[in-house]
Amino acid sequence: MPKLLVKPNGSHGRVTHVTPETAGWTYVGFDLHRMKPGEIVAAETGSREVCLVFVTGKGTATAGGESFGVLGERMSVFEGQPHALYVPADSNWSVTAETELELAVCSAPGGGGYAARAIPPGTHPQISRGKGSNVRHVTNIMPEDDGAAHSLLVVEVITPEGHTSSYPPHKHDRDDLPNESLLEETYYHRLNPPQGFAFQRVYTDDRSLDEAMAVEDGDVTLVPKGYHPCATCHGYDLYYLNVMAGPKRVWKFHNAAEHEWLLK
């Protein structure tokens, strides 16, 4: 099985490159570009659909020959909501950095004849989940109920210092609707301040997969199956950008039975 912890490759250019082939799975792809003003990144989507997330910084974007102007406004993932741009299959896109720009390219199998569209801040409100030291703040970018994509689900989460997230442990690795959906998932992690670290465990009930990872700023973790809780340390807030996809565009998870008492 490929390593579940993917470290960034340098600090400029395409620093992260996850494909179904490198991840050893079927659906999710994730690239992260760190760009300087004036630099351009462009691609054809082919058989896949794409969600471009302007993680930090600003860029001028086109998709399918249509101009979407300057997207992006925040300079820190811990301040404000993101701009994003959905690009369907059999299309193309281009982004020119106007400032230093961190651009995430989230991808999954496409289809269905959807149109390119901008997803501005405020499209979906930030919501808080959990209680006590399990509170975290969630901003959906492409949730399942928006009905405007074939397979991509994209969301970002901020977990305050000392809190847990993706917790109590849950999984979504069985194609067994309405009980559970099969979704692969990536986490792109950022820490504030950036010298911090957090932890993520990925494990199955039978422990055939059981990996605990120390996560640093800029790391990506892969969740091919199993439970995948996170915990951040005192003094350091954790941000992560999730990409999920599977055979059906539905997020239906199963909680670890031994930890469900935490929800009461």
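The values are calculated or read from the model by the stated rules, or taken from the named source; none is laboratory data. Predicted, not measured: the structure shown is a model, and the values here were computed from it. Counting neighbours? That spans all protein chains shown, and the Cβs are built from the backbone with ideal geometry, glycine included. What goes into the accessible areas is simple: the full protein's heavy atoms, side chains included, and nothing from ligands, DNA or RNA. Shrake-Rupley method; radii C 1.70, N 1.55, O 1.52, S 1.80 Å.
Each Lys or Arg adds one and each Asp or Glu takes one away; over the other residues whose Cβ falls under 14 Å from the Cβ of Asp175, this sums to +2. For Cα extents along the principal axes in Å, the candidate list reads (i) 47, 47, 34; (ii) 52, 40, 35; (iii) 53, 45, 38; the entry that matches the value derived from this model is (ii). Quantify how much of the Cα-Cα distance distribution of the range 101-162 extends past 20 Å, in percent. Counting every Cα pair in the range 101-162, those more than 20 Å apart make up 38 percent. Of the chymotrypsin sites (Phe, Trp or Tyr not before Pro) found in the range 71-116, the ones in coil according to DSSP and having at most 16 other Cβ atoms within 10 Å of their Cβ are Phe78. Based on Cα contacts under 8 Å between residues 6+ apart, the range 78-218 shows a relative contact order of 16 percent. Considering helices alone, the calculated mean residue ellipticity of the chain at 222 nm is 0 deg cm²/dmol, with DSSP H runs of length four and up weighted by -39500 (n - 2.57) and normalised per residue. Under the combined filter of DSSP loop state and at most 14 neighbouring Cβ atoms within 10 Å, the range 55-86 retains these GluC sites (Glu not before Pro): Glu79.
Quick one: if the Förster radius is 25 Å, what FRET efficiency do Asp205 and Lys131 give, using the C-beta to C-beta distance and rounding to 0.05?
According to the calculation, E is roughly 0.45.
In plain terms, if you count all Cα to Cα distances in the range 5-46 and split them into 10 Å steps from zero, the share in each step is 24, 49, 25, 2 percent. With pairing defined as another cysteine C-beta under 4.7 Å, the cysteines of the chain that fail it are Cys230, Cys233.
Loop-located trypsin sites (Lys or Arg not before Pro) across the range 118-175 with a Cβ neighbour count of 16 or fewer within 10 Å are Lys131, with loop assigned by DSSP.
Put a dot 7 Å past the Cα of Asp175, heading toward its Cβ, do the same for Gln195, and the two dots end up 4.8 nm apart. When you restrict to C-alpha pairs under 8 Å that are six or more residues apart and normalise by the size of the chain, the relative contact order lands at 19 percent. Residues Thr123, Thr96, Thr204, ordered by accessible area of protein heavy atoms at a 1.4 angstrom probe radius and largest first, appear as Thr123, Thr96, Thr204. Relative contact order, whole percent, for the range 96-171 stands at 29, derived from Cα pairs under 8 Å and 6 or more residues apart. Excluding same-chain neighbours fewer than eight residues apart, the lysines reachable from Lys7 by a Cα-Cα span under 28 Å are Lys36, Lys58, Lys171, Lys225.
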